[in-house]
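Take a look at the structure below.
The values are calculated or read from the model by the stated rules, or taken from the named source; none is laboratory data. Because the structure is a prediction, the values reported are computed rather than measured. A quick note on method: Cβ atoms are made from the backbone with ideal geometry, for glycine too, and the neighbour counts reach across all protein chains shown.
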Amino acid sequence: MKRKRRSLSRRKVLTYKDQYDPGLLLPVSRATHRTGIGIGRVLPFSGVDIWNAYELSWLDSGGKPRVAIATMIFPAESRRLIESRSMKLYLNSFNQSYFLSIALVERTMRRDLRQACGSRVKVKITLPGRFGRQVLEELEGELIDGVDTRISSYTPDAALLSVRGPVVEETLTSHLLKSNCPFTGQPDWASVQVRYRGPRISRPGLLRYIVSFRQHSDFHEHCVERIFTDILRQCRPERLTVYARYTRRGGIDINPFRTNCGDAPPSNRRTARQ
C-alpha cells in the first residue's frame, strides 16, 4: 500500500483554470499550412469552420451554474484558427466566473475569438430549453465505403485520385476519414462529403485517397483544405465543395466547409457519431 501511495503522489495532476482567462486561447496561422500545399494569398475557396462546444458553463449573478451549447462559426478567410485544446481550456475558464446575462457571455466570446483569429466570429448560445431541438442528420450523398478495393497507403497521396467518364454532378460521402492531432497525437474521426460537377471521379481512387489520411497529423481545417485542393488539381471539377463533420473530442466538434461555387454553409445538424 505504501508503494502505491508514493507512486500516486508522484503523478502530475493537470490543473484547469476555472476563472475567465482569454489568454488561454492559442491561435495558429493558416498561412503556413496553405503555403505548404500551394495555396497563395488568393484562396481557391470560401467557407467556414463550424465549432460546437457542449461543455459550456458559468455562474449567474446569484452564483447559480448555467449550462449551454455554444456554436462558433469562423470564416475560412480569417488569418488564424484556434487550437482545439486551448479552446477547451478557455471555455473551462468560464466555470467559476460570474456573467450577468447570456448576452454578455456571447459578447465576451465573440470579442475574444475575434481577437484570437483576426476576423469576426459568429457565436450562438443554445440553452437547455432548446436542447430537444437538436436533430441528427447524416451527410447526404452516395456512401462509397462499400467499394471493393485494396488499400496500402496511409499518408496523403493525391496521385490516388483519378477521373473516368463523362461530366457528372454528384455527391459522394465516406465515414472513413481519420487523421491525428498534431499536438497530442490523438485520433480525429470524421465523415466527409464531396460534392462536385466535373469528370466522374473514380470511387475506388477517392476512397483510397480519403483513407490515406489515416496516419497523417494535422488540424481538421487543414485536412479539409488539403482534400479540396488535391481534388481540384487532380480531378479538375468545374464546381467543388468539401465538408467534414468530425466527432467531438474534449466536448467540442469541428466541422470545416470549403467551396468554390458559392454554396451556402450547411445547416450544422449533428451526425450520429457526433
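For the stretch 93-120, the set of residues classified as of a type in the set (A, V, I, L, M, F, W, C) and closer than 28 Å to Lys64 by Cα consists of Phe94, Phe99, Leu100, Ile102, Ala103, Leu104, Val105, Met109, Leu113, listed by residue number. Total residues in the stretch 28-65 satisfying the condition of being under 30 Å from Leu104 (Cα atoms) and without any contact (Cβ under 8 Å) to a residue 60 or more places away in the chain: the figure is 10. Can you work out which of the residues in the stretch 253-268 that are assigned to a strand (DSSP E or B) and touching an Asp or Glu at 6+ places or on another chain (Cβ under 8 Å) is nearest to Pro166 (Cα to Cα)? Among those residues, the one meeting the criterion is Arg258.
The combined condition, being touching a Phe, Trp or Tyr at 6+ places or on another chain (Cβ under 7 Å) and farther than 28 Å from Ala190 by Cα, is not fulfilled by Val121.
Anything in the stretch 53-64 that is surrounded by fewer than 21 Cβ atoms within 10 Å (Cβ to Cβ) and of a type outside the set (Ser, Thr, Tyr)? List them, or say none.
Within the stretch 53-64, Glu55, Leu56, Leu59, Asp60, Gly62, Gly63, Lys64 meet the criteria.
Could you tell me how many of the residues in the stretch 238-252 are within 16 Å of Met72 (Cα to Cα), touching an Asp or Glu at 6+ places or on another chain (Cβ under 6 Å) and in a strand (DSSP E or B)? Residues meeting the conditions: 1. Scanning the stretch 70-120 for residues that are within 19 Å of Asp49 (Cβ to Cβ), of a type in the set (Phe, Trp, Tyr) and not in a helix (DSSP H, G or I) gives a single hit, Phe74. Per the listing Tyr54, Tyr90, Tyr98, the residue uniquely over 28 Å from Phe183 (Cα atoms) and modelled with pLDDT of 95 or more is Tyr98. Assessment of the stretch 241-262 against the conditions (over 26 Å from Ser29 (Cα atoms), surrounded by fewer than 23 Cβ atoms within 10 Å (Cβ to Cβ) and at pLDDT below 95) yields no matching residue.
Quick check on my filter: what residues within the stretch 3-35 are hydrophobic (A, V, I, L, M, F, W, C), farther than 18 Å from Trp58 by Cα, at pLDDT 95 or above and part of a helix (DSSP H, G or I)?
Of everything in the stretch 3-35, just one residue is hydrophobic (A, V, I, L, M, F, W, C), farther than 18 Å from Trp58 by Cα, at pLDDT 95 or above and part of a helix (DSSP H, G or I), namely Ala31.
Of all the listed residues (Phe228, Phe213, Phe183), the sole one being assigned to a loop (DSSP other than H, G, I, E, B), crowded, with 20+ Cβ neighbours inside 10 Å and of a type outside the set (D, E, K, R) is Phe213.
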